Amino acid sequence: MASQQFENVTLIEHPVINRDLTILRDVSTGTAQFRAALKRIAVILAYHALKELPLKSFEVETPIENTTGYDIDQDVMVVPILRAGLGLSDALLQFIPDAKVGHLGMERDETTHEPIDYYSNIPNGVREDMVLVVDPMLATGGSAHDALSFLEEQGAQHLRFVSLICAPEGLRKLEQEHPNVHTITAAIDEKLNDDAFIVPGLGDAGDRYFGTI
C-alpha cells in the first residue's frame, strides 16, 4: 500500500514483516536470527520492488500445446550501499539471477552525521536498466541522496530505492531531492535522535548483520 504521509513511498504491510521487524529490533537477537529475519523481509521487499517490470511475450511449447510465455523485458541493476546494503541485495538476485550488481561505499562521519564516499563500481547499462539502490536504514537520507545523485549523474533513468526502515526525515529529503525516485520500505519509524539514529530503529544494521558490534 502507498504511505499516506509520502507521495513516492510504498509501505509494505504484512504479518510476517511485523513479526520479523520485532525480531530485528530486539536487542537480544543474535546474529544468525538477525540475518534470517532480514532476509525474509528482503524477499517481500524485492517482490514489490520488481512488480512493475515490463514483460515481453513469446510462444512456448508445453507437453500439450503451444501457449504464450513471458520474460522480463528490461535489464536490472542492483546497487547496494556498502556494507549494510549487501543484506538486501541477495533477495533481489533470487528473483533476477542475471541482474548486474554495482557497489557504492559510504560510511557515516560520527561527528557530522554526513556520509563519506569511499568506493564506487557501477556496471555498464545504468542508463537503460532499472536500477535498485538498496540500504536497510534510511536515516538522514544523506547516503541515499549521494548514491542516487551519483547514479543520476551517470545517466540512470529508472531508479528505485529499497529500504528496511525509514525515518520521516530521510523520506522527506528523498522526495525533495529526487522526486522521480520511488521508495519501497517495510517501516516508517518515528524520528531521528540527536545522534541521527532512527527511533525506535534497530541500531546499526551493518554491525548487527555482520556481527561486528
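The values are calculated or read from the model by the stated rules, or taken from the named source; none is laboratory data. This is a predicted model, so every value here is computed, not measured. Counting neighbours? That spans all protein chains shown, and the Cβs are built from the backbone with ideal geometry, glycine included. Side chains included, ligands, DNA and RNA excluded: accessible areas come from the protein's heavy atoms. Shrake-Rupley method; radii C 1.70, N 1.55, O 1.52, S 1.80 Å.
On the stretch given as region 169-185, residues that are out of contact with any Phe, Trp or Tyr (no Cβ under 7 Å at 6 or more places or on another chain) and either of a type in the set (S, T, N, Q) or open to solvent by 10 Å² or more (accessible area, probe 1.4 Å) (or both) total 9. If you go through region 127-162 and keep only what is among the aliphatic types (A, V, I, L, M), open to solvent by 10 Å² or more (accessible area, probe 1.4 Å) and closer than 19 Å to F95 by Cα, you end up with M130, L159. Taken together, the residues in region 52-78 that are within 24 Å of I165 (Cβ to Cβ) and either touching a helix residue (DSSP H, G or I) at 6+ places or on another chain (Cβ under 7 Å) or open to solvent by 60 Å² or more (accessible area, probe 1.4 Å) (or both) amount to 2.
Of all residues in region 164-190, those satisfying the criterion of being in a strand (DSSP E or B) and either of a type in the set (A, V, I, L, M) or free of Cβ contacts under 8 Å to residues at least 24 places away in the same chain (or both) are L164, I165, I184, A186, A187, I188. E52 meets each of the listed conditions (1) outside any strand (DSSP E or B); (2) touching a residue at least 24 places away in the same chain (Cβ under 8 Å) apart from (2).
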